[in-house]
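Notes for the one structure printed next.
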Amino acid sequence: KVKVMRRMIDALGRDQQVQSLCMNLDTPKAIRAVAECDVIFGCVDTAEGRNLANRIAAYYLQPYIDVGVSLIADGVGGIANIAGVVNYYAPGQQSLIERGAITQEQIRAEETKRANPERYAELRRQKYIQGVEVDRPAVISVNTFFAALTVNEFLSRIHRFRNVDNNEFGTVRGDLCELALFREPGLPSAGHFSKCLGMGDQDPLLGRVSLQE
C-alpha cells in the first residue's frame, strides 16, 4: 500500500517529496518520521496501531484524525449494520480509549499477534465484518465514503466552512443503513495521556521499553 500510494502521488507530477516507509509504526525510525508531520492520519485496522498513533500525537502535540468502519453480518448472507466513525484528536482532548473507539482489551488481544498469529488473523478479519469469516471483504465503497469524511474533517480545520464551531465535531459517526451522520463534541481529557503531553523525544521513545534505542 505504501509503494502504491507513493506511485500515485508521484504520478501527479507536482514535484512532491514523498517519504515512504514500509515498516511497522512501532519502530523508532517510523515514530520519528511521524513525529515530524504537521497532522497524523490514522487509517489502520488495529486498536494497537490506533493507540500508538494517538500516543505519538500526545507526545509531540500533533492533531490526529482517525477513521474506522464496521460491518456486521446478519448471519443469513446479508448485512445488519454498516457504520463508521471519524475522530479528531487535539492534544489535551479525550483519547480514542476515552471515547470508546478502542479498548484496552482490544489492544491486549492484538498483542497476541506475536504469540498466536492464528488468533490474531481471526481478530483482524472481524474488524471488517463481524459474524462471518471473510479474507477480502468488499468494503471499497464504505471505506471511500468515510475516507472522504476524514479529508473534509482535515479541510474544516484549515479552511473553516461549518456553521458551528469545530469543537462540536470531535467525533463524527455515520450509519449508512439509515444514511445518517451524528456529531459529538471534542471534550477535555480526564487524564489519559495527560502526563505525557508535549514530552517529545525521550529515552525510551514514548515511554515504551520496546522502543529503547
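The values are calculated or read from the model by the stated rules, or taken from the named source; none is laboratory data. Note that the coordinates shown come from a computational prediction; the quantities given were computed from them, not determined experimentally. When we count neighbours, we look across all protein chains shown, and the Cβ atoms used for this are built from the backbone with ideal geometry, even at glycine. Protein only, heavy atoms only, side chains kept; ligands, DNA and RNA dropped before computing areas. Shrake-Rupley method; radii C 1.70, N 1.55, O 1.52, S 1.80 Å.
Brief remarks on what is shown
- Neighbours by Cβ (under 8 Å, 6+ apart or cross-chain): first from the stretch 140-156, within 19 Å of Phe182 (Cβ to Cβ) and at pLDDT 95 or above; second surrounded by 16 or more Cβ atoms within 10 Å (Cβ to Cβ) and among the hydroxyl-bearing types (Ser, Thr, Tyr): Glu153/Tyr88
- Taken over the stretch 8-58, the criterion of being in a loop (DSSP other than H, G, I, E, B), among the β-branched types (Val, Ile, Thr) and surrounded by fewer than 18 Cβ atoms within 10 Å (Cβ to Cβ) is satisfied by Val18, Thr27, Val39, Val44.
- Arg183 being touching a helix residue (DSSP H, G or I) at 6+ places or on another chain (Cβ under 6 Å), at pLDDT 95 or above and open to solvent by 90 Å² or more (accessible area, probe 1.4 Å): yes
- A Cβ distance below 8 Å, combined with a sequence gap of six or more or placement on separate chains, defines the contacts here; from the stretch 6-30, residues that are under 30 Å from Pro204 (Cα atoms) reach residues that are of a type in the set (S, T, N, Q) in the pairs Asp26/Ser210; Ala30/Asn24.
- With respect to being more than 20 Å from Ile140 (Cα to Cα), in contact with a helix residue (DSSP H, G or I) (Cβ under 8 Å, 6 or more places away or on another chain) and of a type in the set (D, E, K, R), Arg55 fits the description.
- Any helices (runs of 4 or more DSSP H) falling wholly within the stretch 68-121 and containing at least 2 residues that are in contact with an Asp or Glu (Cβ under 6 Å, 6 or more places away or on another chain) and open to solvent by less than 50 Å² (accessible area, probe 1.4 Å): 104-110
- Of all residues in the stretch 193-207, those that are within 18 Å of Ala53 (Cβ to Cβ) have Cβ atoms under 8 Å from Cβ atoms of residues that are open to solvent by less than 60 Å² (accessible area, probe 1.4 Å) and not in a helix (DSSP H, G or I), 6 or more apart or on another chain, in Phe193/Ser95; Ser194/Gly92; Leu197/Pro91; Leu197/Gly92; Gly198/Tyr60; Gly198/Pro91; Gly200/Tyr60.
- Enumeration of residues in the stretch 159-180 that are open to solvent by 100 Å² or more (accessible area, probe 1.4 Å) and among the acidic types (Asp, Glu): Glu178
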